[in-house]
Amino acid sequence: MNLRLTINGKEVAREVAAHHTLLEFLRDDVGLTGTKECCAEGECGACTVLLDGKAVNSCLVLAVETEGSAVTTIEGLEKDGQLDPLQQAFIDKGAVQCGFCIPGMILAAKYLLQENSNPTDAEIKQGLAGNLCRCAGYSRIIDAVREAGRAARQ
Amino acid sequence: MQPFAYFRPESRGEVFAALREFAPDVRILAGGTDLMVRLRSGRFRPNAVVDVKRVSGWSSQIVETEGVLRVGAGVTMTDLVSAPSVQQHFPALVEAASVVGSVQIRNRATLAGNICNASPAADTAPPLLVYGAVVNVASRAGERQIPLSEFFLGPGRTALAAGELVESIDLPIPVEAAGSAFQRITRRRGVDLATANLSCSVNRAGEVRMAFGAAAPIPLLVTGTAASLEEMTAQARPISDVRGGAAYRQAMLLVMARRALEVSLGRLRQ
Ligand SMILES: Cc1cc2nc3c(=O)[nH]c(=O)nc-3n(C[C@H](O)[C@H](O)[C@H](O)COP(=O)(O)OP(=O)(O)OC[C@H]3O[C@@H](n4cnc5c(N)ncnc54)[C@H](O)[C@@H]3O)c2cc1C
Ligand code: FES
Ligand code: FES
């Protein structure tokens with residue numbers, strides 16, 4: 001099927017099989033491999049992207065469902081060579097170990113801060129409950145999100 | 001995933017035509033949080049998938065009409081928990097919808113999909129039963145209403161006939177004062193399916209409506225009084241599975257019933 005959508009601000013038009021997920025489309029057809037596949041059943045959050053501004057598991061969305069939509073992946077956060085403040089906070093706080101879960105974590109955190117610019121630690125944990133970190137670096141991830149929220153409010 | 005034909009109809013007529021053409025090998029796609037998992041595992045192998053999200057008139061709205069709150073089939077858990085009208089009248093439903101999966105799941109998962117999937121553990125089923133929800137169904141033949149208490153037939157089985165579509169769910173706005181609450185137990189605090197869940201409401205006369213899930217083949221509605229919680233929960237028929245043993249579930253239902261009643265009584269007094 002023919003699919004047209006906007007990915008990270010750029011219009012994309014491609015053929016895609018109806019049974020391919022948005023995750024497969026992003027990685028295999030568009031070549032944006034920042035979005036990760038792990039469980040492929042909605043449990044781990046590694047595949048999180050923003051779909052029309054909302055955090056979703058791209059493994060649970062068919063690519064063809066996104067016709068006319070806007071998708072943001074980890075590759076779309078940097079602006080003119082400047083990392084997104086969340087990306088910078090993850091580096092500054094040492095929140096990245098192997099890095100596999102981080103694109104999903106950052107997009108889930110992006111959505112969280114967009115909905116609530118001043119989350120409590122409990123709210124950060126809730127917001128990231130659908131993102132598993134196999135390296136278990138949770139406390140630094142929470143530090144990074146708290147810090148990015150603080151920086152954004154200043 | 002096995003290949004299938006994908007349809008994205010823009011009118012109800014086209015939905016019914018597609019459901020008819022591909023029956024019985026056709027699946028309706030809403031948020032996909034249940035369907036996609038089953039398509040991938042191969043448990044469902046439909047020839048066609050009908051994505052109903054862009055049907056004109058498909059509603060993601062919650063509107064109040066003639067004493068009922070009508071929740072469109074496009075309403076997600078995220079929409080539901082942030083709606084002031086739902087928060088005001090149906091606190092137990094808000095509590096249930098806010099523990100479904102993760103933020104990412106709740107941004108896609110619809111209330112209608114949660115009941116159409118008919119899992120015995122569906123978290124929104126107990127509060128919807130307690131609040132007397134009615135399911136509005138449409139097909140080529142016309143429209144009909146099914147009380148939610150007659151909607152579930154067994155695990156994964158509903159009263160929907162082939163070619164029928166849920167268009168909205170009606171919640172009667174309570175006329176008499178009542179307090180209500182939701183409880184669930186899970187193996188871990190985050191994203192997990194319920195080992196058991198329960199909702200109840202109580203009025204000034206002490207009459208209790210209670211419903212529980214993951215404790216029988218379908219979510220079960222029972223009635224009684226504040227003094228008969230034991231008899232009410234004894235109507236459960238739990239099984240033993242990976243999430244818990246039957247005896248544990250049975251024992252915990254009474255504990256959850258007491259907790260839910262206490263919260264409900266507190267809300268009734270407010
Ligand atoms: C990681 C994860 C965690 C989860 N956690 C929970 C949880 O804690 N509690 C819980 O209750 N559920 C949970 N779920 C299950 C799921 O998210 C819910 O059941 C959800 O509400 C389903 O809605 P949907 O819109 O995604 O439905 P879909 O997946 O689109 O559809 C589900 C089923 O209903 C049918 N259907 C959907 N809409 C209609 C309609 N309008 N008319 C007729 N048939 C229809 C579909 O054909 C399909 O068979 C979880 C799922 C995942 C993947
Ligand atoms: S890969 Fe999508 S949630 Fe795990
Ligand atoms: S940093 Fe390794 S999985 Fe999270």
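The values are calculated or read from the model by the stated rules, or taken from the named source; none is laboratory data. Being a predicted model, the structure only gives us computed values, none of them experimental. All Cβ positions, even for glycine, are placed from backbone atoms using ideal geometry, and neighbour counts span all protein chains on display. Keep in mind that these areas ignore ligands, DNA and RNA; they rest on the heavy atoms of the full protein, side chains included. Shrake-Rupley method; radii C 1.70, N 1.55, O 1.52, S 1.80 Å.
Listed values, structure above:
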{"item": "Qualifying positions in region A:25-58 - within 7 Å of ligand 2 (Cβ to nearest atom) and among the small types (G, A, S)", "result": "A:A40, A:G42, A:G45, A:A46, A:S58"}
{"item": "Filter result (closer than 11 Å to B:L265 by Cα and in contact (Cβ under 8 Å) with a residue 24 or more places away in the chain) within region B:199-218", "result": "B:C200, B:S201, B:V202, B:N203, B:R204, B:V208"}
{"item": "Within region B:1-110, strands (runs of 3 or more DSSP E) holding 3 or more residues that are away from ligand 1 (no atom under 13 Å from the Cβ) and more than 14 Å from chain A (Cβ to nearest Cβ)", "result": "B:62-65, B:68-72"}
{"item": "Residue list for region A:118-145, restricted to those being open to solvent by 50 Å² or more (accessible area, probe 1.4 Å) and within 17 Å of the chain's Cα centre (by Cα)", "result": "A:K125, A:Q126, A:L132, A:R134, A:Y138"}
{"item": "Breaking point among (1) part of a strand (DSSP E or B); (2) farther than 30 Å from A:E43 by Cβ; (3) of a type outside the set (F, W, Y); (4) open to solvent by 20 Å² or more (accessible area, probe 1.4 Å), for B:S201", "result": "(4)"}
{"item": "Test: B:A159 is crowded, with 24+ Cβ neighbours inside 10 Å and farther than 19 Å from B:R237 by Cβ", "result": "no"}
{"item": "Flag if B:R144 is closer than 30 Å to B:V55 by Cβ, within 16 Å of ligand 2 (Cβ to nearest atom) and not in a helix (DSSP H, G or I)", "result": "no"}
{"item": "Number of positions in region B:122-141 that are more than 10 Å from ligand 1 (Cβ to nearest atom), assigned to a loop (DSSP other than H, G, I, E, B) and in contact with a strand residue (DSSP E or B) (Cβ under 9 Å, 6 or more places away or on another chain)", "result": "3"}
{"item": "Any hit, region B:139-154, residues being of a type in the set (S, T, N, Q), touching a residue at least 12 places away in the same chain (Cβ under 8 Å), within 18 Å of B:V86 (Cα to Cα) and open to solvent by 20 Å² or more (accessible area, probe 1.4 Å)", "result": "no"}
{"item": "Single condition B:R258 does not satisfy, out of (1) without any contact (Cβ under 8 Å) to a residue 60 or more places away in the chain; (2) assigned to a loop (DSSP other than H, G, I, E, B)", "result": "(2)"}
{"item": "Selection status of A:E43, within 13 Å of chain B (Cβ to nearest Cβ), of a type in the set (D, E, K, R) and more than 14 Å from A:A108 (Cβ to Cβ)", "result": "no"}
{"item": "Residues that are over 20 Å from the mean Cα position of the chain (by Cα) and either open to solvent by 50 Å² or more (accessible area, probe 1.4 Å) or within 17 Å of B:T233 (Cβ to Cβ) (or both), drawn from region B:171-190", "result": "B:V175, B:E176, B:A178, B:R187, B:R188, B:R189"}
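For (1) in contact with a strand residue (DSSP E or B) (Cβ under 9 Å, 6 or more places away or on another chain); (2) in contact (Cβ under 8 Å) with a residue 40 or more places away in the chain; (3) within 14 Å of chain B (Cβ to nearest Cβ); (4) within 16 Å of ligand 2 (Cβ to nearest atom), each residue gets a yes or a no:
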residue: A:G81; (1), (2), (3), (4): no, no, no, no
residue: A:Q114; (1), (2), (3), (4): yes, yes, yes, no
residue: A:S117; (1), (2), (3), (4): no, no, no, no
residue: A:A136; (1), (2), (3), (4): no, no, yes, no
